[in-house]
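Written out below as structure tokens is the structure these notes cover.
The values are calculated or read from the model by the stated rules, or taken from the named source; none is laboratory data. Just so it is clear, the model here is predicted, and its values are computed rather than measured. Glycine also receives a Cβ, built like all others from the backbone with ideal geometry; neighbour counts cover every protein chain displayed.
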Amino acid sequence: MADLSTTFAGIRSPNPFWLASAPPTDKAYNVVRAFEAGWGGVVWKTLGEDPPIVNVSSRYGAVRYNGVRVAGFNNIELITDRPLAVNLREIAEVKRAWPDRAVVVSLMVPCTEASWKAILPPVEDTGCDGIELNFGCPHGMSERNMGAAVGQVPEYVEMVAAWCKQHSRLPVIVKLTPNITNILAPARAAQAGGADAVSLINTVTSITGVDLDLMAPEPVVDGQGTHGGYCGPAVKPIALHMVGDIARDLPGLPISGIGGISTWRDAAEFIALGAGTVQVCTAAMHHGFRIVDDMIDGLSNWMDARGYRTLADFHGAAVRNYVHWGDLNLNFRTLARIDQDLCIRCGLCHIACEDTSHQAIAAQRIDGRRRYEVIDAECVGCNLCAHVCPVDGCITMAPQPTTQPKLVWAQHPNNPLRVAAAAE
Amino acid sequence: MSDTAETAGDIAAGRLKPAELAANFADAHPPLSPHEAVVEANRCYFCYDAPCREACPTGIDIPGFIRRIATGNLRGSALTILEANIFGGSCARVCPTEILCEGACVRLAEEDRPVRIGALQRRATDWLMAQDPRPFTRAAATGRHIAVVGAGPAGLACAHGLARLGHEVTVFEARAKPGGLNEYGIAAYKLTDDFAQREVAWLLSVGGITIEHGRALGRDLDLAALRRGYDAVFLGIGLAGVRALGLAGETLGGVRDAVDFIAELRQTADKGRLPIGRRVVVIGGGNTAIDAATQARRLGAEEATIVYRRGPAEMSATHHEQDWAQTNGVRIRHFAAPHRLLASGGRVAGVEFMRTRLDAAGRAVATGETYTLHADMVLKAVGQVFVPDPVHGDGTLALALDEGRIAVDAGRRTSLPGVYAGGDCIAGVDLTVAAVEDGKIAAASIHRQLLG
């Protein structure tokens, strides 16, 4: 059985599955249940200064898609609404009782050195393994100049990270907001401030829907709504991209991947793209902590099948293949292939291609029976048909052999700014 | 046959308790809940040029109506159905979907479980009927008046189509109630809660349609007069005749036509008052045989046996219907034809069957070997036939026939100008849904004739 243990920014945990800072990690009761279920670590829900903030009633919105519930999820909850002392006491008790699990404490206080300097010592006294700076919460706290209001200004990210490194011995993880133009700017700032790691993504600014009876954004609070933070399976592609950018351009900076991770396969993808640990919230809020069972043995079984003994064996393995568009081979050609034995003759490939792409799938009738055939000369290999086909393995994309060398845009004849080949 | 003599004629009402009867004649396939419907709707792949739609005689845009259920657009869903098939509600309940839309569903290729199109159609149409007592409106009056003979699915579909186009329609119906076979011929558990009448009342809400009951063609009306008195005539007169076994003793007590048995059952509110044999033999291989035998069991018959002269593949009852009968405790015996009706005291006591086999041409031929089934009641379900007498004019056949039924062209025009026909009285499959399509096409043809 594969070894899933991790050491992330100096923080050890028996597996890479951490619960993200969120409602599931707000209290000792929940965290103990999570550890009993097998989670490798938690990031305790964000602590702030007393008096505690106040939360609204009606806090979550969700996106359904074709009958699937919680395809996307958002919240307008703020940081912990419990007194600081209560949280600190419970963190200390839990860490004492579960020494092998990672307990990281998320923090958010006003953007002054005094505030950070004040909260760090009592947090460190709990015996926790590290701190995560919440620079990502996009609602409520940002209106008070915290959360994403800090994370969106690289200079502030660097400044606060530096204060934390100066006033604490704990590993510092900076949690990044995706609500920026280029994730590399705050990531570089965190690194410049001395942060030991980054975690991302925090939630995406969002409105999950509009209640058409109340004519108000969801979730509705007494007839009104506000934007919230979006997460869950729908945001995974956004998160993967940002994780990949940092892994590629800031090699060596540890990344805790967050964003729609629901299964071991999601986790493997984040790890392959450079994440050292993964953090989960929505999937646990949807199904409970027991989902970690399958995450652990699913990842382990997959690693065994691939011959990976440790996470390091495939950590970042996909990063070298994550390139800029300009590095892609323009001489590569792939063509759709339809397995006529598997085809159920639904016609979805044909209509998608006919209406919206390249008219490369012919709809035929042979003895009254439908038959869909790829017109190779028209097929640009876009993958659309393979994506819309409801039958696994029915439409595959077949890379075509070529004698031509790799050709990138920089050298392409159509590029007015092309770089002449060395021989010319 | 002494034992037979002692027990012959055991026909009695009230074999089951009222609660058992109520359960036996409740909805055989209860409606989908709103949640079930959305889950099922999301199973639909929304096929392009969908095979299900092609398999529907009325060409309902099935992927289109299912998608509208999934999105919560139930009104749009129901209207998509009803624009193609005004009897979408009853077709959702009575269509043999296993050989039509659901039999063509691409899901069958993958998992042997089609999308439940019939049940989804019921979800949408039930919703609209409950929400909107009058969803259709009429075009401006044209001043034209059309006679429709027969208030079954064909006649009423035609009438509804014409009424929407602004024509006036008078429907002549021989029976006391409208609905045709939906009212008199379909098994009770397929159309519960007086659905046939509720549906007809709902579709008549469009206005412009008058039904005159107790008016039969050939008895109270003649075709020539209808042609003179109206701008066009549509005949949806069904099959008035039933085939006989051609054996001595068909008038014995206890021997009946299955269609009469089913009609009586449909018209009797208190099923406990219906006499049923202890041992019932049904002769035939169609859905009428299935419905008669299954309802006999559900009324409390101890044994119900269908005997058919050929094999399971030759039965016109679908495989699904055969399964249904067998699940209801009906025994199906193949390859035997009735040879002799046995009597005792003027009542039927049993049937002697001659074993058969198929010859090279697929016909059943006698083997010479016989066996006997005891029976207190024998129900004949060997087919219905078109009776051409009402369409005779001046002693000669006024309309050309095709395969013994009224000949029509693609527009459902008969050989007589201005006379149209559809439903079971023309050649083709005898299905409610096919009758509705006939009526729909005829209405469009009549409209073109009158205003074209």
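A few remarks follow.
- Tally, over segment A:342-357, of residues that are more than 7 Å from every other protein chain (Cβ to nearest Cβ) and of a type in the set (Gly, Ala, Ser): 2
- Against the numbered list (1) touching an Asp or Glu at 6+ places or on another chain (Cβ under 6 Å); (2) touching a residue at least 40 places away in the same chain (Cβ under 8 Å), A:ASN134 comes up short only at (1).
- Here B:ALA224 meets each of (1) farther than 26 Å from B:ARG122 by Cβ; (2) outside any helix (DSSP H, G or I); (3) touching a residue at least 60 places away in the same chain (Cβ under 8 Å) with one exception, condition (2).
- Helices (runs of 4 or more DSSP H) contained entirely in segment A:262-359, each with at least 1 residues that are within 30 Å of A:VAL103 (Cβ to Cβ): A:264-272, A:282-287, A:291-306
- Selection from segment B:265-282 of residues that are over 12 Å from B:GLN295 (Cα atoms) and either assigned to a helix (DSSP H, G or I) or not assigned by TED's automatic domain parsing to the domain that holds B:VAL351 (or both): B:GLN267, B:GLY272, B:ARG273
- Looking across segment B:42-68, the residues that are under 27 Å from the mean Cα position of the chain (by Cα) and in a helix (DSSP H, G or I) come down to B:PRO51, B:CYS52, B:ARG53, B:GLU54, B:ALA55, B:ILE62, B:PRO63, B:GLY64, B:PHE65, B:ILE66.
- Residue within segment A:204-225 that is touching a residue at least 60 places away in the same chain (Cβ under 8 Å) and within 28 Å of A:LEU120 (Cα to Cα) present: yes
- Answer residue from segment A:63-77, given it is touching a helix residue (DSSP H, G or I) at 6+ places or on another chain (Cβ under 6 Å) and more than 14 Å from every other protein chain (Cβ to nearest Cβ) and is farthest from A:TYR29 (Cα to Cα) among those: A:GLY72
- Residue count for segment B:26-51, restricted to those that are within 22 Å of B:ASP112 (Cβ to Cβ), at pLDDT 95 or above and in contact with a Ser or Thr (Cβ under 9 Å, 6 or more places away or on another chain): 1
- None of A:ARG169, A:ARG248 is outside any helix (DSSP H, G or I), in the same structural domain as A:THR112 (by TED's automatic domain parsing) and basic (Lys, Arg) except A:ARG169.
- Within segment B:388-445, restricting attention to residues that are part of a helix (DSSP H, G or I), modelled with pLDDT of 95 or more and β-branched (Val, Ile, Thr), the residue that is surrounded by the fewest Cβ atoms within 10 Å (Cβ to Cβ) is B:ILE441.
- Residue that is surrounded by the fewest Cβ atoms within 10 Å (Cβ to Cβ), among those in segment B:104-122 that are assigned to a helix (DSSP H, G or I) and within 14 Å of chain A (Cβ to nearest Cβ): B:GLU111
- A single entry from A:ALA28, A:ALA22 fulfils the requirement of being in the same structural domain as A:GLU218 (by TED's automatic domain parsing) and over 22 Å from A:ILE271 (Cα atoms): A:ALA28.
Here is a yes/no grid of residues against (1) touching a Ser or Thr at 6+ places or on another chain (Cβ under 6 Å); (2) more than 23 Å from B:LEU373 (Cα to Cα); (3) buried (at least 16 other Cβ atoms within 10 Å of the Cβ); (4) among the hydroxyl-bearing types (Ser, Thr, Tyr):
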position	(1), (2), (3), (4)
B:GLU212	no, yes, no, no
B:LEU226	no, yes, yes, no
B:VAL255	no, no, yes, no
B:LYS271	no, yes, yes, no
B:VAL281	yes, no, yes, no
B:THR288	no, no, yes, yes
B:ARG297	no, no, yes, no
B:GLU302	no, no, no, no
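- For segment A:378-402, taking the residues that are more than 29 Å from B:GLU111 (Cα to Cα) and hydrophobic (A, V, I, L, M, F, W, C), the one that is nearest to the chain's Cα centre (by Cα) is identified as A:VAL380.
- For A:ALA195, the stated conditions hold: it is in a loop (DSSP other than H, G, I, E, B), buried (at least 24 other Cβ atoms within 10 Å of the Cβ), more than 18 Å from the chain's Cα centre (by Cα) and assigned by TED's automatic domain parsing to the domain that holds A:HIS241.
- Conditions (1) within 12 Å of another protein chain (Cβ to nearest Cβ); (2) on the phi < 0 side of the Ramachandran plot; (3) of a type in the set (D, E, K, R); number of the one not met by B:ASP49: (2)
- Per the conditions (1) within 14 Å of chain A (Cβ to nearest Cβ); (2) in contact (Cβ under 8 Å) with a residue 12 or more places away in the chain, the sole criterion not satisfied by B:CYS56 is (1).
- Just one of the numbered conditions (1) in contact (Cβ under 8 Å) with a residue 60 or more places away in the chain; (2) within 12 Å of chain A (Cβ to nearest Cβ); (3) surrounded by fewer than 24 Cβ atoms within 10 Å (Cβ to Cβ) is not true of B:PRO96: (2).
For (1) outside the structural domain of A:THR277 (by TED's automatic domain parsing); (2) part of a loop (DSSP other than H, G, I, E, B); (3) of a type in the set (Lys, Arg); (4) without any contact (Cβ under 8 Å) to a residue 12 or more places away in the chain, each residue gets a yes or a no:
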| residue | (1), (2), (3), (4) |
| --- | --- |
| A:GLU77 | no, yes, no, no |
| A:LEU88 | no, no, no, no |
| A:ILE91 | no, no, no, no |
| A:LYS117 | no, no, yes, no |
| A:GLU124 | no, no, no, no |
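- Sole exception among (1) touching a residue at least 40 places away in the same chain (Cβ under 8 Å); (2) touching a His at 6+ places or on another chain (Cβ under 9 Å) for B:THR318, by number: (2)
- Segment A:386-402 residues that are under 22 Å from A:PHE332 (Cα atoms) and more than 10 Å from chain B (Cβ to nearest Cβ), paired with ones that are small (Gly, Ala, Ser) and in a strand (DSSP E or B) (beta carbon under 8 Å, 6 or more apart): A:ALA386/A:ALA336; A:ILE395/A:ALA336; A:THR396/A:ALA336; A:MET397/A:ALA336; A:ALA398/A:ALA336
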